[in-house]
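A short write-up of the structure that comes next.
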Number of protein chains: 2
Amino acid sequence: MIVLDAIEISTLPKQQRTNLINGLSGFKSALLIGTTNVAGQQNLAIFSNVVHIGANPPLMGIIHRPVSVEKHTYENIKSTGCFTVNHVPRKLYKNAHQTSARYDRATSEFEACGFTPEIKGSLPAPYVTESFIQVGLTLEEEIKITSNDTLLLVGSIKEIYLAPGIIDEEGFIELAKANTILVQGLETYYTANFVDRLPYAKP
Amino acid sequence: MIVLDAIEISTLPKQQRTNLINGLSGFKSALLIGTTNVAGQQNLAIFSNVVHIGANPPLMGIIHRPVSVEKHTYENIKSTGCFTVNHVPRKLYKNAHQTSARYDRATSEFEACGFTPEIKGSLPAPYVTESFIQVGLTLEEEIKITSNDTLLLVGSIKEIYLAPGIIDEEGFIELAKANTILVQGLETYYTANFVDRLPYAKP
């Protein structure tokens with residue numbers, strides 16, 4: 001096998017190290033986070049580091065990079081207290097990727113990248129109309145990861161919108177049917193194929 | 001679309017809510033965490049909530065459920081200060097799933113579920129020989145998520161073992177070639193197909 005120790009990892013060229021370390025945690029779902037500022041200026045950004053925190057109460061987390069530079073998504077979540085998480089359907093993965101470009105604050109990525117914002121329910125944050133799975137959350141907790149100054153933003157799930165036909169009577173969402181796209185690192189996209197659903201394991 | 005508000009979510013039957021909320025955060029990679037206690041008793045457990053925290057320094061995080069009940073993985077990480085993260089190749093997803101059964105402390109899931117432990121490098125935690133991507137970490141930070149008493153365990157990446165032929169000269173790991181299996185929730189498995197690799201996005 002190829003072996004890399006701590007010293008070899010630390011001396012890799014930056015881009016190589018970024019690719020390598022990003023790959024180690026595996027595939028992620030590509031999700032679009034919709035926010036607004038208090039003046040109504042909307043923002044949309046692709047995130048791959050969204051985690052399940054718990055089902056009861058229903059919570060979801062986002063790992064957010066250090067906020068030393070201007071971060072519209074973070075500032076909007078802090079000022080309005082809410083955000084939406086929207087799955088990216090396969091046919092729109094290029095549009096979703098484009099939201100990672102550094103647009104200025106006056107530009108809405110919805111408009112620049114070909115998505116339709118939708119305000120509905122009880123939150124001011126915009127949903128992505130084109131998404132088959134849309135989740136509205138309020139900010140519940142902000143945790144600093146001191147090892148590298150990243151943040152874990154924990155959201156409380158307040159509203160769920162699902163396209164018809166992708167959820168069964170057990171509450172199971174058929175993500176492959178929803179065509180949710182996957183991402184590795186910041187730029188490599190995949191789709192998923194169903195393999196199996198296994199029963200609860202017993203010794 | 002199907003709409004669920006906070007009250008409807010909270011009144012769903014437990015299993016339906018668990019399935020639903022687990023699906024909202026999308027696909028995850030299925031990863032095996034290898035640990036040992038100080039007496040050398042080894043443990044192996046499947047986790048799906050592993051996140052990329054940063055590349056420099058190289059960090060990876062695990063969302064860990066509340067530790068009110070006996071949790072061998074957590075106790076071993078705390079007592080030895082280290083763990084391994086191993087990708088699950090497709091042909092062994094049933095074995096990997098079986099590690100989620102509640103074996104007693106005296107049982108090694110390596111033996112019970114058909115994996116081969118391997119001690120190598122500088123850490124006492126066992127790697128999974130059958131895995132194409134193996135990562136050794138030390139515990140860097142333990143963070144309590146107060147919203148539901150789950151934990152974020154942040155590990156510092158100390159050693160990486162990769163099968164030959166799955167990493168390119170840019171450091172990019174070909175996860176589809178490594179056959180890394182994906183999981184949704186606790187029991188539904190998928191494989192991934194490469195779609196595209198896009199350039200850095202500019203406005």
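The values are calculated or read from the model by the stated rules, or taken from the named source; none is laboratory data. Since we're looking at a predicted model, the values are computed, not measured. Glycine also receives a Cβ, built like all others from the backbone with ideal geometry; neighbour counts cover every protein chain displayed. Keep in mind that these areas ignore ligands, DNA and RNA; they rest on the heavy atoms of the full protein, side chains included. Shrake-Rupley method; radii C 1.70, N 1.55, O 1.52, S 1.80 Å.
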- Between the alpha carbon centres of the range B:98-130 and the range B:10-53 the gap in Å comes to 17
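Before we go on, tell me the buried accessible area for the B/A pair, both chains summed, 1.4 Å probe, in Å² to the nearest 100. Can you show the working numbers first?
Details: alone 12350 and 12330 Å², together 16070 Å².
It comes to approximately 8600 Å² buried between B and A.
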- Quick one: with all protein chains in place, what share of the accessible area of the protein assembly as shown is carbon or sulfur, to the nearest percent (1.4 Å probe)? 52
- Note on the structure: Between the residues B:I7, A:T146, A:C113, the Cα farthest towards the positive end of the dipole of the protein assembly as shown, that dipole coming from +1 and -1 charges on the beta-carbon of Lys, Arg, Asp and Glu, is from A:C113
- What average number of partner chain Cβ atoms lie no more than 10 Å from the Cβ of the residues making up A:55-65? 6
- Query: Shortest first and in nm to one decimal, what separations exist between A:P164 and its copies in the other chains, measuring from label points 7 Å along the Cα-to-beta-carbon line?
  - Reply: 5.6
- Query: Considering the zone a paramagnetic label at B:L186 would reach in this model (a point 7 Å from Cα along the Cα-to-Cβ line), which residues of the range A:36-72 have amide N under 16 Å from it?
  - Reply: A:52-59
- Query: Which order do peptides B:45-53, B:194-202, A:28-36, B:113-121 fall in by mean Cβ count within 10 Å, highest first?
  - Reply: A:28-36, B:45-53, B:113-121, B:194-202
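Which value, in debye to the nearest 20, gives the size of the charge dipole of the protein assembly as shown about its Cα centre, when Lys and Arg are +1 and Asp and Glu are -1 at the Cβ? Present the calculation step by step, with values, prior to reporting the outcome.
Values: 34 positive and 40 negative charges, 42 e Å.
It comes to approximately 200 debye.
Rolling a 1.4 Å sphere over the protein heavy atoms, what is the accessible area per residue of the protein assembly as shown, to the nearest Å²?
Details: 16070 Å² over 406 residues.
So the protein assembly as shown comes to 40 Å² accessible per residue, rounded to a whole number.
Restricting to Cα pairs below 8 Å that are 6+ residues apart, what does the relative contact order work out to for the range B:27-190? Please round to a whole percent.
Details: 349 pairs, mean separation 46.3, N = 164.
Contact order relative to length: 28 percent.
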- Let me know the charge dipole size of the range A:52-160 about its Cα centre in debye, to the nearest 20, where only the beta-carbon of Lys, Arg (+1) and Asp, Glu (-1) is charged. 260
- Relative to the other copies, what are the label-point distances for A:A106, with labels 7 Å from Cα along the C-beta vector, expressed in nm at one decimal and sorted shortest first? 7.4
- Item | Copy-to-copy label separations for A:K177, where each label sits 7 Å from Cα toward Cβ, in nm and ascending | 3.5
- Pair A:D196, B:K78: separation of 7 Å Cα→Cβ label points (nm): 3.4
- Debye log10 I(q)/I(0) at q = 0.06, 0.07, 0.08, 0.15 Å⁻¹ for the protein assembly as shown, Cα point scatterers: -0.21, -0.29, -0.39, -1.48
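Residue by residue through A:84-92, how many Cβ atoms from other chains fall within 10 Å of the Cβ on average? If you can, show how the numbers build up before the last one.
On the way: counts 0, 3, 0, 5, 1, 0, 1, 0, 0.
Going residue by residue through A:84-92 and averaging, the value is 1.
So what's the back-of-envelope 222 nm ellipticity for the protein assembly as shown, counting only DSSP H runs of four-plus at -39500 (n - 2.57) apiece and dividing by all residues, rounded to 500?
-4500 deg cm²/dmol
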- Query: Can you give the average number of partner chain beta-carbon atoms within 10 Å of each beta-carbon in peptide A:149-159, as a whole number?
  - Reply: 4
